[in-house]
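A short write-up of the structure that comes next.
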Amino acid sequence: MRTDGSRVRGLALALLALLALLFAAPAGAETWKVELDPAATQVRFTLSATLHTVHGTARLLKGSVTFDPARGSAGGDVVVDATSMATGNSMRDRRMHGEIMKSDQHPLVVFWPHHVTGQLAAAGSSRLTFEGEMSLLGKHHPLTLVLEIHPHGGEALATGTFSVPYVRWGVMDPSHFLLHVAKSVEVTVEAVGHLERVKPTTPAAVDSPQL
């Protein structure tokens, strides 16, 4: 007895479609979106130097991040105004903007998250790790950001500290004969934003270009 080729192909396609649905939507998968509030978000940086420590602030321009912990996917951007960086010392700030950060040429510092690990709890504290890249002086560098997330209703507070090895990334070292400055700057973020579930995007039929 001959096997009906069309029927076999039809069953095979149905099985493949079922498997695709199962793997495309992991159990418990939820896509979240957070819109950061620039007015309520604080960005601070600390740089160790000879005999003292420099403390400064910067202003968040905007931030919108979409993430799905079950799939490990993340997207969006977080944009900081480099021209707003200030340490409270006008002479030091002029040198920082003119010679080191060159903020007139590179006014933005941007973080793009590409991957996330961890679980977001409905209440209490959660720890999520975002891996992505940061643009600094027009060049992109890999960066990992670990955040403590505290959701409350439709709002969320995210806090974290990370190190930026600015000298290794090609930024001018401000050290000189009498002043020695650390080669990395510590950045602390306390971000406040609106958190909501969003409908997940349907995967494309073909591979998307990699960023």
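The values are calculated or read from the model by the stated rules, or taken from the named source; none is laboratory data. Just so you know, these numbers come straight off a predicted model, no measurement behind them. All Cβ positions, glycine included, derive from the backbone under ideal geometry; neighbour counts span all protein chains shown.
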Residues that are out of contact with any Leu (no Cβ under 8 Å at 6 or more places or on another chain) and either in a helix (DSSP H, G or I) or at positive phi (or both), drawn from region 85-107: G88, S90, M91, R92, D93, R94, R95, M96, H97, G98, E99, I100
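Among the residues of region 37-53, how many are closer than 30 Å to S175 by Cβ and free of Cβ contacts under 8 Å to residues at least 60 places away in the same chain? So that I can check it myself, show each step before the final result.
The first filter runs over region 37-53 and keeps only residues closer than 30 Å to S175 by Cβ, leaving 42-53.
Restricting the remaining residues to those that are free of Cβ contacts under 8 Å to residues at least 60 places away in the same chain gives 51-53.
Result for region 37-53: 3.
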Please find, within region 38-84, the residue that is modelled with the lowest pLDDT out of those that are over 16 Å from V110 (Cα atoms) and outside any strand (DSSP E or B). L51
Could you count how many residues in region 175-189 are part of a strand (DSSP E or B) and either in contact with a Pro (Cβ under 8 Å, 6 or more places away or on another chain) or not hydroxyl-bearing (S, T, Y) (or both)? 5
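If I go through region 99-126 residue by residue, how many of them are under 28 Å from T83 (Cα atoms) and of a type in the set (V, I, T)? Break it down into steps so the answer makes sense when it comes.
Taking region 99-126 and keeping what is under 28 Å from T83 (Cα atoms), we get 99-114.
Now restrict to residues that are of a type in the set (V, I, T): 100, 109-110.
Residues flagged as under 28 Å from T83 (Cα atoms) and of a type in the set (V, I, T) within region 99-126 amount to 3.
I need a count of the residues in region 120-145 that are under 27 Å from P107 (Cβ atoms) and either assigned to a loop (DSSP other than H, G, I, E, B) or touching a helix residue (DSSP H, G or I) at 6+ places or on another chain (Cβ under 9 Å) (or both). If you could, list the steps in order and put the result at the bottom.
So the first thing to find is which residues in region 120-145 are under 27 Å from P107 (Cβ atoms), and the list is 130-145.
Filter again for either assigned to a loop (DSSP other than H, G, I, E, B) or touching a helix residue (DSSP H, G or I) at 6+ places or on another chain (Cβ under 9 Å) (or both), leaving 137-138.
Of the residues in region 120-145, 2 are under 27 Å from P107 (Cβ atoms) and either assigned to a loop (DSSP other than H, G, I, E, B) or touching a helix residue (DSSP H, G or I) at 6+ places or on another chain (Cβ under 9 Å) (or both).
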So in region 146-174, with the set limited to residues that are part of a strand (DSSP E or B) and hydroxyl-bearing (S, T, Y), which one is nearest to L47 (Cα to Cα)? S163
Could you tell me which numbered condition R94 fails, if it satisfies all but one of (1) touching a Pro at 6+ places or on another chain (Cβ under 9 Å); (2) more than 25 Å from G193 (Cβ to Cβ); (3) at pLDDT 95 or above? (1)
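For (1) free of Cβ contacts under 8 Å to residues at least 24 places away in the same chain; (2) under 30 Å from H194 (Cα atoms); (3) more than 14 Å from the chain's Cα centre (by Cα), each residue gets a yes or a no:
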| position | (1), (2), (3) |
| --- | --- |
| A58 | no, yes, yes |
| D68 | no, yes, no |
| V80 | no, yes, no |
| S90 | yes, no, yes |
| D104 | yes, no, yes |
| L120 | no, yes, yes |
